[in-house]
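The structure appears below as structure tokens.
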Amino acid sequence: MKKIVLDLAVSLDGFIEGPNGEIDWCIMDDDMNFEGFLDSVDTIFYGRVSYDMWGNYQPAADAAPAEKTMWATVHARKKFVFSREIRQDDKASFIKPDDLVKEVNAIKQQDGKDIWLYGGAGLIKTFIQQGLIDVYRVSVHPVVLGAGKPLFEDMQGRLNLKLLQTNVFRSGVVQLIYEPLP
């Protein structure tokens with residue numbers, strides 16, 4: 001069965017974006033092997049806002065070849081958008097939030113690689129609350145934002161996790177990989 005992997009950056013003080021939605025503090029080092037992560041997934045889950053911002057993003061013409069390749073790889077994955085607003089889009093399938101658990105479990109049963117839970121914050125919160133995340137890959141960046149959108153917002157109970165792996169990168173980013181305990 002496919003696993004749902006939450007892979008995202010977080011500031012040292014627990015924010016996934018700054019107070020104005022900024023993510024300019026995120027570091028992408030070549031030693032992070034993001035390409036390896038992308039090779040491990042064949043599907044991406046988005047909330048509507050995140051999809052509208054990043055689901056079809058194209059880097060600037062003068063962007064580095066590695067960035068262009070990364071985005072081409074991201075866009076080659078199957079995309080599902082969870083939204084109250086269902087629309088026609090030949091690059092993604094839209095799913096109403098009312099059907100979220102049923103649809104997610106059906107997608108997890110399909111053959112293939114794992115699923116990247118991209119976000120946004122509201123979708124991540126829903127997946128956490130529904131116990132749908134199989135792996136938490138949290139990359140803690142060496143920055144304190146002081147305010148913004150917290151990763152664990154409105155938690156309705158304790159979430160116990162087991163540490164599977166720790167990776168430390170040249171930039172000072174520390175990636176923590178967990179799985180939920182039953």
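Would a scan of the range 35-42 turn up a residue that is more than 15 Å from the chain's Cα centre (by Cα) and surrounded by 16 or more Cβ atoms within 10 Å (Cβ to Cβ)? No: the range 35-42 contains no residue that is more than 15 Å from the chain's Cα centre (by Cα) and surrounded by 16 or more Cβ atoms within 10 Å (Cβ to Cβ).
Taking the numbered list (1) closer than 29 Å to G172 by Cα; (2) surrounded by 17 or more Cβ atoms within 10 Å (Cβ to Cβ); (3) at pLDDT 95 or above in turn, K2 passes all entries but (1). Once the range 126-182 is narrowed to residues that are modelled with pLDDT under 95 and β-branched (V, I, T), the residue that is surrounded by the fewest Cβ atoms within 10 Å (Cβ to Cβ) is T126. With respect to the conditions (1) part of a helix (DSSP H, G or I); (2) of a type in the set (G, A, S); (3) surrounded by 13 or more Cβ atoms within 10 Å (Cβ to Cβ), A9 lacks only one, and its number is (1).
Screening the candidates V81, V104 for the property of being modelled with pLDDT under 95 and not in a loop (DSSP other than H, G, I, E, B) yields one hit, V81.
Suppose we filter I128, I115, I177 for residues that are within 15 Å of the chain's Cα centre (by Cα), of a type outside the set (S, T, N, Q) and not in a strand (DSSP E or B); which single one remains?
Details: I115 fails: not in a strand (DSSP E or B); I177 fails: not in a strand (DSSP E or B).
Of I128, I115, I177, the one residue that is within 15 Å of the chain's Cα centre (by Cα), of a type outside the set (S, T, N, Q) and not in a strand (DSSP E or B) is I128.
Every residue, every condition in (1) in a helix (DSSP H, G or I); (2) within 13 Å of the chain's Cα centre (by Cα); (3) not acidic (D, E), yes or no:
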| position | (1), (2), (3) |
| --- | --- |
| Y51 | yes, yes, yes |
| Q58 | no, no, yes |
| A66 | yes, no, yes |
| M70 | yes, no, yes |
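Among residues of the range 116-143 that are under 21 Å from I27 (Cβ atoms), those with a beta-carbon under 6 Å from a residue that is assigned to a strand (DSSP E or B) and of a type in the set (S, T, N, Q) at least six positions away or on a different chain give the pairs S139/Q175; H141/S11; V143/S11. Entry remark, the range 1-35: residues being closer than 20 Å to G122 by Cα, of a type in the set (F, W, Y) and free of Cβ contacts under 8 Å to residues at least 40 places away in the same chain number 0 in total.
State all residues of the range 40-63 that are farther than 20 Å from V104 by Cα and in contact (Cβ under 8 Å) with a residue 24 or more places away in the chain; if no residue qualifies, say none. Before you say what the answer is, go through the steps one by one.
Looking only at the range 40-63, we keep the residues that are farther than 20 Å from V104 by Cα, and these are 52-54, 56-63.
Answer for the range 40-63, where residues must be farther than 20 Å from V104 by Cα and in contact (Cβ under 8 Å) with a residue 24 or more places away in the chain: W54, N56.
So in the range 83-125, with the set limited to residues that are among the β-branched types (V, I, T) and surrounded by fewer than 17 Cβ atoms within 10 Å (Cβ to Cβ), which one is nearest to G14 (Cα to Cα)? Filtering first and then ranking leaves V101. Residues in the range 12-28 that are acidic (D, E) and outside any strand (DSSP E or B): D13, E22, D24.
Examine the range 35-42 for a residue that is in a loop (DSSP other than H, G, I, E, B) and of a type in the set (F, W, Y), and state whether such a residue exists.
At the first step, the residues of the range 35-42 found to be in a loop (DSSP other than H, G, I, E, B) are 40.
Now restrict to residues that are of a type in the set (F, W, Y): none.
The answer is no; no qualifying residue exists.
The values are calculated or read from the model by the stated rules, or taken from the named source; none is laboratory data. What you see is a predicted model, and the numbers here were worked out from it, not measured in a lab. Note: ideal-geometry Cβ built from the backbone for every residue, glycine included; neighbour counts use all protein chains shown.
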